[in-house]
Every structure is written in C-alpha cells, then in structure tokens.
Amino acid sequence: MDRRRLLRGAAAAATAGVLLPAARAQAAARADTDYPPALWTPATTVNYTAASRPSEYPVQYVVIHVTQETFDDTIGIFQNPEKQVSAHYVVRSADGHVAQCVRERNVAWHAGNWDYNTRSVGIEHEGWIDQAAYFTNALYERSAALTASVCDRYGIPKDRSHIIGHSEVPGATHTDPGPLWDWSRYIRLVNFA
C-alpha cells in the first residue's frame, strides 16, 4: 500500500513538472498581449511596421476581415516573410480563440490602404465569405468582446462608421467580410460586451 502511494505521488509530481512549464509558457504568452484573453502568436517582424501608436498615429477604426483560410494557415501566412501581410488579431471559428499577431502599437498590413492601416486595428476571422457555418456564436461573441475592448481603449465609437469591413476601406479590392456577416448582430454584441 505504501509503495502504491509512493508511485502515485511520483507520477503526480512528474506530471506536474511537465505541465507546469507549459502552463507558465501559456500564461507568459497571454501576458504579452494587449488583450488579456488573447494568446501571443507573433507575425514575423517584416510583415508589419513598428510604430508607437496612438501617439504616432491615432487609432480610429476596427477593420473586420474574413481570412479565406483556416486559422492555422492564416497564422502561417503572417509568420511567412514572403507574404507581406498581417493583422493584429485572428479569431478561430470553432471556439472563438483569439491570437494576437501584432502589437496594437504597431501598424499591421491588413487593409490594403496605408492610411487605414495606420489608423486601425485589424481583426481576421477564420472562414470563407460564402460559408455562414464559419460564423459561429463563439466567433461572434469573442470577436465582439475583443472589438469592444479595442474601442474602449482608444475611444472609438462602437458604430458602423468606425467598425468597418475590409470591403469598406477606400480602394479595397477585397469583399470580406461578405454578405453573410451579420453586422446588426455583431454591433449589438460589441455594444453589450
């Protein structure tokens, strides 16, 4: 009996020793974000412009995107120096998990318009513009909480004039978030977050 207790204790200690560093690493990754629920998943530094926003550029918009890729592929694109694209955040469809890829003080390359890049926070959403199944409750709710936090921190009005789709950026050649994105629901969730 004493031997069993000793073996169980050793197994528990070994498991704790393995899990504790992983838990510490995840906590550290969350501590490095501007939005505490997000996990730090950095884009390569050549895919955004280092800045000191909002003192260098005022933050006045949130730009909503749909990835046209999976969550993991989107992260991979942002980490690929040949792609020359990034966004501040990516939201996963299945569970609303939020990854922060670029610090908000820096200028992510997401809008296709330098002026809007400098004055906005870009949020990508996993999915395809013609597949509503990707726009889950978790995605809408977690994204809305993120957008509300960004708006609160920068004094951005929580309305459709300041929370815009990529397709609404002047000169945009993209159509995201597309006709299936429920703007009424999203803005309501942002205001209630």
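The values are calculated or read from the model by the stated rules, or taken from the named source; none is laboratory data. None of the values given here were measured: they were computed from a predicted structure. FYI the Cβ positions are ideal-geometry reconstructions off the backbone, even for glycines, and counts take in every protein chain you see.
Looking only at residues in the range 175-193 that are buried (at least 17 other Cβ atoms within 10 Å of the Cβ) and at pLDDT 95 or above, the one that is farthest from residue 135 (Cα to Cα) is 190. Suppose the filter is in contact with a helix residue (DSSP H, G or I) (Cβ under 9 Å, 6 or more places away or on another chain) and either at positive phi or buried (at least 23 other Cβ atoms within 10 Å of the Cβ) (or both); does residue 108 pass it? In short, yes.
Restricting 136, 175 to those that are without any contact (Cβ under 8 Å) to a residue 60 or more places away in the chain, farther than 26 Å from residue 39 by Cβ and among the β-branched types (Val, Ile, Thr) reduces the list to 175. Evaluated against (1) of a type in the set (S, T, N, Q); (2) crowded, with 21+ Cβ neighbours inside 10 Å; (3) in contact with a helix residue (DSSP H, G or I) (Cβ under 8 Å, 6 or more places away or on another chain); (4) over 23 Å from residue 167 (Cβ atoms), residue 100 falls short on exactly one condition, (3). Taking the range 111-133 as the range and being surrounded by fewer than 19 Cβ atoms within 10 Å (Cβ to Cβ) and either over 25 Å from residue 170 (Cα atoms) or without any contact (Cβ under 8 Å) to a residue 60 or more places away in the chain (or both) as the test, the residues that pass are 113, 114, 115, 130, 131, 132, 133.
Note on the range 54-80: residues that are small (Gly, Ala, Ser) and either part of a loop (DSSP other than H, G, I, E, B) or outside the structural domain of residue 180 (by TED's automatic domain parsing) (or both) total 1. As an exercise: evaluate residue 83 against (1) assigned to a loop (DSSP other than H, G, I, E, B); (2) surrounded by 15 or more Cβ atoms within 10 Å (Cβ to Cβ); (3) touching a residue at least 40 places away in the same chain (Cβ under 8 Å) and give the number of the one condition it does not meet. Condition not satisfied by residue 83: (3). The residues in the range 32-55 that are free of Cβ contacts under 8 Å to residues at least 12 places away in the same chain and over 15 Å from the mean Cα position of the chain (by Cα) can be counted, and the count is 2.
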